[in-house]
Amino acid sequence: MNKKIDINERLKFSEQIYLPEIMKGMWYTLKQMFQPVFTMRYPEERWTPPSIFRGRPVLVAREDGTERCVACGLCSRVCPPLAIYVQADETERAQERYPSIFEIDMLRCIFCGYCEEVCPEEAIVMSKEYDIVFENRDSAIFNKEKLMTPASALTDRLTFLHQYKNPEEITKAATDLKN
Ligand code: SF4
Ligand code: SF4
């Protein structure tokens, strides 16, 4: 519960001279110096995020280097800051449509993950990449070449998504383990 503050209440003598309060603050700081360190010396030390982490969105590439994306446009429709631009085209491949242009304006992206959520093909996923640097506005627009990432490098996230979208499988596995 918050302590009620009476604005007419006078400070105690110890509070008026400040010194005890300053000593208390210094004692607290001194104690913290001997606590275990949990910060990292970035960028020399890098943090490896868990699979639940939402880093920059990327396009999933198949083993043959082609994109899973079928250019349905759902991700661009759902993207709150309108950061995605997709231009659909036809292809001879089995999926029939592919994005001839796929761009994400990373100055707009808010890492919400909606694009990943709606994608029917698991073609766009949130990666573990979090250190993104731009030298100018143009370089912040990531084209297909920059977005394409092999599925083998996204195994963690793809497995996480599979479990997230099929919770009944986890429940079943837990029940099987118990029996
Ligand atoms: S993560 Fe959110 S803001 Fe970024 S591209 Fe996807 S839908 Fe748009
Ligand atoms: S990334 Fe997914 S949602 Fe976006 S256009 Fe391609 S298939 Fe559709």
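The values are calculated or read from the model by the stated rules, or taken from the named source; none is laboratory data. Keep in mind that this is a model prediction, so the values were computed, not measured. Every residue, glycine among them, receives a Cβ derived from its backbone with ideal geometry; neighbour counts consider all protein chains shown.
Out of the residues in segment 1-43 that are surrounded by fewer than 10 Cβ atoms within 10 Å (Cβ to Cβ) and hydroxyl-bearing (Ser, Thr, Tyr), state the one that is farthest from Val133 (Cα to Cα). Checking each candidate, the answer is Tyr28. Confirm whether Phe53 is more than 16 Å from ligand 2 (Cβ to nearest atom), without any contact (Cβ under 8 Å) to a residue 24 or more places away in the chain and part of a loop (DSSP other than H, G, I, E, B). So Phe53 does not fit the description; no. A residue that is closer than 27 Å to His162 by Cα, at pLDDT below 95 and of a type in the set (Gly, Ala, Ser) occurs somewhere in segment 88-104.
Taking the options Glu169, Glu96, Glu145, Glu121, name whichever one is farther than 18 Å from Gly55 by Cβ, touching a residue at least 40 places away in the same chain (Cβ under 8 Å) and acidic (Asp, Glu). It is Glu121.
Could you tell me how many of the residues in segment 102-137 are of a type in the set (Val, Ile, Thr), out of contact with any strand residue (DSSP E or B) (no Cβ under 7 Å at 6 or more places or on another chain) and more than 7 Å from ligand 1 (Cβ to nearest atom)? So the count comes out to 3.
Here is the figure for segment 102-147: residues that are in a strand (DSSP E or B) and exposed (fewer than 12 other Cβ atoms within 10 Å of the Cβ) total 0.
Residue-by-condition table, conditions (1) farther than 18 Å from Lys144 by Cβ; (2) more than 10 Å from ligand 2 (Cβ to nearest atom); (3) not hydroxyl-bearing (Ser, Thr, Tyr):
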site	(1), (2), (3)
Arg62	no, yes, yes
Ser76	no, no, no
Cys79	no, no, yes
Tyr98	no, no, no
Cys119	no, no, yes
